[in-house]
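Worksheet: the structure to be examined is printed underneath.
The values are calculated or read from the model by the stated rules, or taken from the named source; none is laboratory data. These numbers were taken from a predicted model, which means no experiment stands behind them. All Cβ positions, even for glycine, are placed from backbone atoms using ideal geometry, and neighbour counts span all protein chains on display. What goes into the accessible areas is simple: the full protein's heavy atoms, side chains included, and nothing from ligands, DNA or RNA. Shrake-Rupley method; radii C 1.70, N 1.55, O 1.52, S 1.80 Å.
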Amino acid sequence: MKAFPAHINLNDRPVLIIGGGAEALAKARLMLASGADLALIAATFAPETEAELEGRARLIVRKPVAADIESAVLAFIADTPAEEARRWAEIARMAGVLLNVVDQPELCDFTTPSIVDRGRVTVSISTAGAAPVLGKRLRADIEALLPPRLGALADFADRYRETVKAKIAPAERRNFWEDFFDGPIAAQLLAGDEAGAHEAMLALVNHPDTEEKAEEKTGAVHIVGAGPGDPDLLTIKALRLLQRADVILYDRLVSDEILSLARRDAERFYVGKAKSNHAVPQEEIEARLIEFARQGKTVVRLKGGDPFVFGRGGEELEALRNASIPVFVCPGVTAATGCAAAANMALTHRDHAQAVTFVTGHAKGEADPALDWSALAALKNTLVVYMGVAKAETIAEKLIEHGRERDTPVAVIENGTRGNQKIVKGALGYLPRLIDAGEIKGPALLVIGEVAALADGDTLIDIIARQRAAA
Ligand SMILES: C[S@@+](CC[C@H](N)C(=O)[O-])C[C@H]1O[C@@H](n2cnc3c(N)ncnc32)[C@H](O)[C@@H]1O
């Protein structure tokens, strides 16, 4: 270890910054965040420093003297030439005051770390002044991993510390807190339901029969959207949940790259469904979710796109609620918005469409989709069809029959946002031919409407020309 990390309580304690420019302002922000009683001394102050610190710190306009530094707990030298900074370093050392000289690590007693700030919970990253940019990168990585409401969770635990001490036997206390931080009350709080978390916590601490509790211990289920495939489109929250999960039940459309981001020792179960080939019936998926949660596990139900867009997430939510399992929903980027971005096609480009409608082209068995064709044809806006490849011919025929023009632009996006993405585009009148020539198998979206003309992708002529060249 090159430098020892210590978290110093600076609340209302005197901190001095010598300097009045941009460097001084940056350090002042840090010190004000830690509650210090802050003074800055400089012959002149930059207008921005003055404007931002007015009323929040004492700004003293004069040349600093040795006595200024002697009364500080910590001191900073900023915006000061090297020679003068060296002189101040000597004065500080003689006075026994810890000093930081901006950008001159050799003169520093301490360096300021990169900080992940979650209120009571702070993580500091130091490279002992060697590589601040590396420190900032690590900070960004850790920021992504830690829930934003972690500070609130620490406050909550602090609030119940004495009650838990009074109600739970010393030998059981550690287990109690372990279960608490892994369990549904913490999840509820992190999800923003503070009132519900207090209610549940009061119930828990007022029934401290820990043997009984162990048997009753319930985990939680998170229904999580994995997005359309590109792992970069996973939300930060989804990533965090994947890294905390004990068990993951995932669908066919969840890509391997996304699964590889999950906690290494999490149990994984494929419960995906290929069309007409239900790998695991829906009721059984719900039963498994309930069973794992009742074993006290943190379960992630990982679904392609957004769980509430043609994803049966609503049914799972209902089943879990009926079984009194704590359940939380984390949205994802749905295929329509992911694919539109991948194709550079704005779904509601204001020159072409005032609305967008999402429909499913799938119906039970071999039946045609039961859609209100005249309403859809009359809208003349953007229509996005999920699961529509198999019934593309019927969809095109019905829309034309009900008044949509044959030359309405269409785009078909297969495996949107993934490495094997394919886009073909043309007109509604020859949609089946386009799908056939493009060898589209799915998963794919049909986008019908003027905006489809904006999509990147191959036209029928491009496809035929390529096939001829290859022959
Ligand atoms: C059962 S639905 C699930 C939709 C998902 N919940 C969502 O919000 O995107 C599956 C259909 O979504 C569409 N889909 C999902 N991911 C896709 C992708 N990467 N590219 C194109 N279409 C996709 C396809 O139409 C596929 O048949």
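Hey, any hits in the range 299-307 for a residue that's within 16 Å of the ligand (Cβ to nearest atom), β-branched (Val, Ile, Thr), buried (at least 19 other Cβ atoms within 10 Å of the Cβ) and under 18 Å from the mean Cα position of the chain (by Cα)? Within the range 299-307, one or more residues are within 16 Å of the ligand (Cβ to nearest atom), β-branched (Val, Ile, Thr), buried (at least 19 other Cβ atoms within 10 Å of the Cβ) and under 18 Å from the mean Cα position of the chain (by Cα). Does Ala75 meet the test of being crowded, with 18+ Cβ neighbours inside 10 Å, more than 17 Å from Leu30 (Cα to Cα), in contact with a Leu (Cβ under 7 Å, 6 or more places away or on another chain) and at pLDDT 90 or above? When the stated conditions are applied, Ala75 does not pass them.
Here Ala186 meets each of (1) closer than 24 Å to Cys330 by Cα; (2) at pLDDT below 90 with one exception, condition (2).
Here is the figure for the range 44-59: residues that are outside any loop (DSSP other than H, G, I, E, B) and basic (Lys, Arg) total 1. Mind listing whichever residues of the range 340-372 are more than 21 Å from Gly457 (Cα to Cα), among the hydrophobic types (A, V, I, L, M, F, W, C) and either in contact with a Gly (Cβ under 9 Å, 6 or more places away or on another chain) or assigned by TED's automatic domain parsing to the domain that holds Gly227 (or both)? Hits for the range 340-372 are Val359, Leu371.
For the range 357-396, a residue qualifies if it is within 13 Å of the ligand (Cβ to nearest atom), open to solvent by less than 20 Å² (accessible area, probe 1.4 Å) and β-branched (Val, Ile, Thr), and the qualifying residues are Val359, Val384, Val385, Ile395. Against the test of being open to solvent by less than 10 Å² (accessible area, probe 1.4 Å) and either over 27 Å from Glu366 (Cβ atoms) or near the ligand (Cβ under 10 Å from one of its atoms) (or both), the options Val271, Val221 yield a single qualifying residue, Val221. Quick one: is Gly192 in contact with a Cys (Cβ under 9 Å, 6 or more places away or on another chain) and not charged (D, E, K, R)? Against the criterion (in contact with a Cys (Cβ under 9 Å, 6 or more places away or on another chain) and not charged (D, E, K, R)), Gly192 does not qualify.
Only one of the numbered conditions (1) over 18 Å from Ser374 (Cα atoms); (2) without any contact (Cβ under 8 Å) to a residue 60 or more places away in the chain; (3) more than 10 Å from the ligand (Cβ to nearest atom); (4) open to solvent by 60 Å² or more (accessible area, probe 1.4 Å) is not met by Glu401, and that is (1). Being open to solvent by 10 Å² or more (accessible area, probe 1.4 Å), touching a Gly at 6+ places or on another chain (Cβ under 9 Å) and outside the structural domain of Gly305 (by TED's automatic domain parsing) holds for only one residue in Leu454, Leu446, Leu460, and it is Leu460. Among the residues making up the range 412-451, those that are more than 13 Å from Ala396 (Cβ to Cβ), of a type in the set (A, V, I, L, M, F, W, C) and away from the ligand (no atom under 14 Å from the Cβ) are Ala437, Val451.
Among the conditions (1) at negative phi; (2) in a loop (DSSP other than H, G, I, E, B); (3) of a type outside the set (A, V, I, L, M), the only one that Thr122 does not satisfy is (2). On inspection, Glu315 qualifies as within 16 Å of the ligand (Cβ to nearest atom) and open to solvent by 30 Å² or more (accessible area, probe 1.4 Å).
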